[in-house]
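See structure below.
The values are calculated or read from the model by the stated rules, or taken from the named source; none is laboratory data. Everything quoted here is computed from the prediction, not taken from an experiment. Every residue, glycine among them, receives a Cβ derived from its backbone with ideal geometry; neighbour counts consider all protein chains shown.
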Amino acid sequence: MRSSAPSNYTFTFKEIVLKVRFIINPASGSAGSFKRVGELVFEVMGDSNGIFEVKASRSADDAGELAREAADKGYEFVFACGGDGTINNVASRLVNTKTALGILPAGSGNALARELNIPSDPLAAISLLKTGRVRSIDAGKASGRYFFTTAGFAFEGALSRRYNEGGLASRVRGLSPYYMLALIEYAKFKPDDIELVVDGQTINAAPLILTAANTSQWGGGAFISPGASVEDGLLDFCVVPKAGMAAVLALWRSVMKGSVEKLRGYERVRGKEAVIRGRKAAFAHVDGEPFECGGELQVSVMQGALRVLAP
């Protein structure tokens with residue numbers, strides 16, 4: 001997330017009654033058009049009282065720091081302009097604050113934006129400052145890291161790591177690299193025998209998929225836990241065993257059709273806290289962002305911990 005663009009635009013209109021910061025990941029699709037976002041903010045909010053800043057982040061840590069700074073200064077809204085990773089970096093610094101997250105979706109999956117029906121058109125998304133409402137949604141926590149859509153602890157972690165290494169994903173935009181990399185990683189993946197304990201209920205499995213879902217979908221229209229809610233104070237723990245290639249194709253068809261519950265071997269249990277034991281895999285992911293982890297994992301949910309601007 002590096003850019004030679006100016007570090008910020010600031011518009012001050014009349015008496016200050018509203019403070020909003022837009023944090024752009026210059027590498028994410030339409031959100032990378034720094035000047036364009038500034039023009040749209042002026043177009044929508046030019047008749048409003050307040051301060052409206054547009055800042056380009058230099059890195060994931062920088063995006064988080066810009067969000068933390070805005071929350072400390074009492075900004076009402078901080079917009080994350082990018083994909084699910086950018087949204088995670090910004091939202092993680094807004095948990096349990098009075099500052100609400102805004103979203104300008106510009107990634108491949110846009111899982112949280114899809115779940116909350118936030119428009120993909122940036123002008124419409126900015127206009128939610130006038131027409132939208134603030135909702136309090138749940139935040140998941142895995143090994144000390146927040147997630148707002150899903151966290152993955154089996155094949156998903158390996159795939160996220162491979163995707164985020166760049167390579168093919170840096171040359172081909174969209175979801176296509178996921179499909180190609182998934183076939184490569186599937187051939188290499190060896191499931192671990194794990195024990196999943198959710199609010200005292202135990203599942204023993206050797207999973208291909210082991211997802212903790214706060215939202216119904218991974219993103220890109222792929223539904224891993226239809227019916228999941230970001231406001232029920234629960235996580236959906238979804239388990240799919242590894243099987244042959246025909247079963248993998250059936251899995252993909254079912255998640256795209258929203259009928260994964262009918263898939264043979266699919267298990268789901270809802271709860272507030274979970275422990276995962278027996279993992280040997282070196283990586284997991286939160287909102288598509290891979291991280292190193294090993295040994296026993298603790299996963300939990302914080303009900304209503306994040307304020308979000310939505311339709």
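Observations on the model:
- Flag for Thr150 being at pLDDT 95 or above and surrounded by 12 or more Cβ atoms within 10 Å (Cβ to Cβ): yes
- Qualifying position, being among the hydroxyl-bearing types (Ser, Thr, Tyr) and either more than 20 Å from the chain's Cα centre (by Cα) or assigned to a strand (DSSP E or B) (or both), among Ser254, Ser229, Ser225: Ser254
- Within segment 34-87, restricting attention to residues that are small (Gly, Ala, Ser) and farther than 27 Å from Thr149 by Cα, the residue that is nearest to the chain's Cα centre (by Cα) is Gly38.
- Filtered residues of segment 246-288 (kept if of a type in the set (Asp, Glu) and buried (at least 20 other Cβ atoms within 10 Å of the Cβ)): Asp287
- Residue in segment 90-103 that is out of contact with any Lys or Arg (no Cβ under 6 Å at 6 or more places or on another chain) and farther than 21 Å from Gln303 by Cβ present: yes
- Single unsatisfied condition, Ala206 versus (1) of a type outside the set (D, E, K, R); (2) surrounded by fewer than 22 Cβ atoms within 10 Å (Cβ to Cβ); (3) within 14 Å of Ala151 (Cβ to Cβ): (3)
- Residue list for segment 90-119, restricted to those being over 11 Å from the mean Cα position of the chain (by Cα), under 14 Å from Gly304 (Cα atoms) and of a type in the set (A, V, I, L, M): Leu94, Val95, Ala100, Leu101
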